[in-house]
2 protein chains.
Amino acid sequence: MNQPEPPGSGQELSRIPDITPLLNVLQALYPVSPAVESYLREHISTASVRKRKMLLKEGTYCEHIYFIVKGAVRGFVREGQRDITTWITVENQLVSSIFSLRQRSPAVENIQALENCDLLAMTLDDLQTMYERLPESNILARKLLEIYYADAEKRAYIARLTKAENKYRSFLLHHDPLSNRIPLKYIASYLGMTLETLSRVRKKFSSKL
Amino acid sequence: MNQPEPPGSGQELSRIPDITPLLNVLQALYPVSPAVESYLREHISTASVRKRKMLLKEGTYCEHIYFIVKGAVRGFVREGQRDITTWITVENQLVSSIFSLRQRSPAVENIQALENCDLLAMTLDDLQTMYERLPESNILARKLLEIYYADAEKRAYIARLTKAENKYRSFLLHHDPLSNRIPLKYIASYLGMTLETLSRVRKKFSSKL
C-alpha cells in the first residue's frame, strides 16, 4: 500500500509491537537468531484494520508485508465489473503482494480485511535490508516461501477443477476452518462458482456427515 | 520420481555435466560462491528424456529437481478421466514437485516431457544438504522461490478468469514464446477451454494484428 492511513480512517499504526505470534511461527521453521529477533522487534509496527477496509489497492504500490495476529483477509483481482477472490487467509499467516517482493511496480491485486484485523507490519525496504544484513534470515524466508509457493499451487489446482463438488472437497481439505467463518460469497468467488451452486454443494456435503 | 530409469528406457543419466546454463541463471540473481559452484558441479547429473516420457508420476516420490537445458515440460493433474495441464515450461527453468521440497509424500501431480529434453538433475536430498552446509545457497533459493511463487500466482490468476479472450490475452502476456511451440491441446487444457474455443480465440487475436 502507499501510505498508512491516518488513525481514525480504519487503520492505525503504533510502535509497541508484541511480535510473539510471529516469532512462534518462525521458530517452528528454523531457529531465529538473536540478531534477527532484535531486527524484527526494531522494524515491526502494529496495525489495526477494520472489516472491509483495504490493505492494498490495485494500481498503488505495496510497501508492506503483514503478519495477521487476529482476523481474516482476502486477495482479489478484477475481471471487468466482477471481482474474483484469489485467496483467503487468517491468523498466523503472512500477507503481501508477492509480485512486489522482487520489483516495485503498481499492484495488480487488491487486499481487503474480511474481519477486524490486528496486524504486524514491516516495510518491504526493511525486509530487503534484513536479507542483506542478516544472511541467516534467508533460510527462514526460503522455508516460508516453499510453504507459500506450495499453497499457491494448491490454489491454482483448485481453480482448475471443473466440478463444483471436487472444488469444494479440495477447499475443505485445505481450508476447512474457513468454511464456517468466511461469508459464503467470498468462498463462492474463490471457488469460481455461484452462491447458489456453493449452497447446493454444501447441503449435499453436510447431509453426508 | 522414484528411480532414474535405466538407459534406453527413455531417460539417461550421465556424470559429465556442463552446468553453465544453470550457473548463468543463478549468477543473474546473486553471485554464486565458489563453494556453491563446486557443490553443484559435484552433485548434478545430466539426463536426457524423450518426448512424452514422464519425469514424475502421481503417487510416486519425487526425488529430483531438474533444470531444463533444452526442451519443454508440462505438469498435470487428473480430475476423473480428464487430465488438466497446470503449467508448461521450457529452457532455463527449474522443475520439481513443489510439494516434495518440504516433505516427502507421494506426488499429487505428473510431470511429462513435451519435447526431447536435456536436463540437469540434482536429488532433493543433495539440495537439502546444500542448504545446510552452504547457508549462502539459501539466498539464491529465496530469490528463485520469489520468482516461482509469483509465477504460480499468475497461473492461479489466469485459471480464475472466466472469459476465454482474457485468459488467452494473459497467456500471451506471460508465455508468448509458448504460443507457437507447444501443441494447442496442452495450451487449451492449461487455459481450461476446449481446443475449439482456443482456435476461435487465436483466430480472433491474429486477425487483430
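What follows is calculated from the coordinates using simple rules that are stated; it is not laboratory data. What you are looking at is a predicted structure, and each value in this text was computed from that prediction instead of being measured. Please note: Cβ atoms are built from the backbone with ideal geometry, for glycine as well, and neighbour counts cover all protein chains shown.
Quick notes
- For chain B, relative contact order (Cα pairs under 8 Å, six or more residues apart, normalised by length) works out to 21 percent.
- Cβ-Cβ distance of B:Arg52 and A:His43, R₀ of 60 Å, FRET efficiency by 1/(1 + (r/R0)^6): the value works out to about 0.70.
- With a Förster radius of 30 Å applied to the C-beta separation of A:Lys70 and B:Asn166, the computed FRET efficiency comes to 0.25.
- Exercise: per-residue mean of other protein chain Cβ atoms within 10 Å, B:77-86: 3
- Spin-label model distance (nm) - A:Arg82 vs B:Arg82, 7 Å beyond Cα toward Cβ: 1.6 nm
- GNM flexibility winner over chain A from A:Ala28, A:Ala188, A:Ala156 (Cα, springs under 10 Å): A:Ala28
- Seen against the Cα atoms of chain A and their longest principal axis, helix A:20-29 is set at about 80 degrees.
- Taking the longest Cα principal axis of chain A as reference, the axis of helix A:34-43 is set at about 80 degrees.
- Beyond 16 Å, the tail of the calculated P(r) for region B:164-209 holds 25 percent of the Cα pairs.
- One decimal place: the segment B:Asp18-B:Leu195 gains 59.8 nm when fully extended, by the rule 0.36 nm per residue minus the C-alpha distance.
- By the Cα gyration tensor, the protein assembly as shown has an equivalent ellipsoid whose semi-axes, rounded to whole angstrom, run 34, 30, 20 from largest to smallest.
- Computed [θ] at 222 nm, deg cm²/dmol, chain A (DSSP H ≥ 4; -39,500 (n - 2.57); rounded to nearest 500): -13500 deg cm²/dmol
- In percent, rounded to a whole number, the relative contact order of region A:29-93 is 23, using alpha-carbon pairs under 8 Å and six or more apart.
- Ranking of A:Ser137, B:Ser189 by count of other Cβ atoms within 10 Å, fewest first: B:Ser189, A:Ser137
- Of A:Arg50, A:Arg160, the sequence from fewest to most neighbouring Cβ atoms within 10 angstrom is A:Arg50, A:Arg160.
- Residues listed by number, region A:111-139, amide nitrogen under 13 Å from B:Arg102 label point at 7 Å toward C-beta: none
- Working note: Karplus 6.51/-1.76/1.60 with θ = phi - 60° gives region B:187-192 the couplings 5, 4, 5, 4, 8, x Hz, where Gly and Pro are set to x.
- What separates the B:Leu127 label point from its copies, with the point 7 Å along Cα to Cβ, is 2.2 nm, written shortest first.
- Stokes-Einstein translational diffusion, region B:51-209 - Kirkwood Rh over all Cα pairs, 1.002 mPa s, 20 °C, in µm²/s: 127 µm²/s
- Excluding same-chain neighbours fewer than eight residues apart, the aspartates and glutamates reachable from B:Lys185 by a Cα-Cα span under 12 Å are B:Asp83, B:Glu196.
- Among the lysines of region B:23-173, pairs that are 8 or more positions apart or on different chains and have alpha carbons within less than 26 Å of each other number 9.
- When peptides A:200-207, B:52-59 are sorted by average Cβ neighbour count within 10 Å, with the highest value leading, the order is B:52-59, A:200-207.
- Principal-axis tilt of helix A:195-208 within chain A, Cα atoms, nearest 10 degrees: 80 degrees
- Peptide B:158-169 - average C-beta neighbours from other chains (10 Å radius): 4
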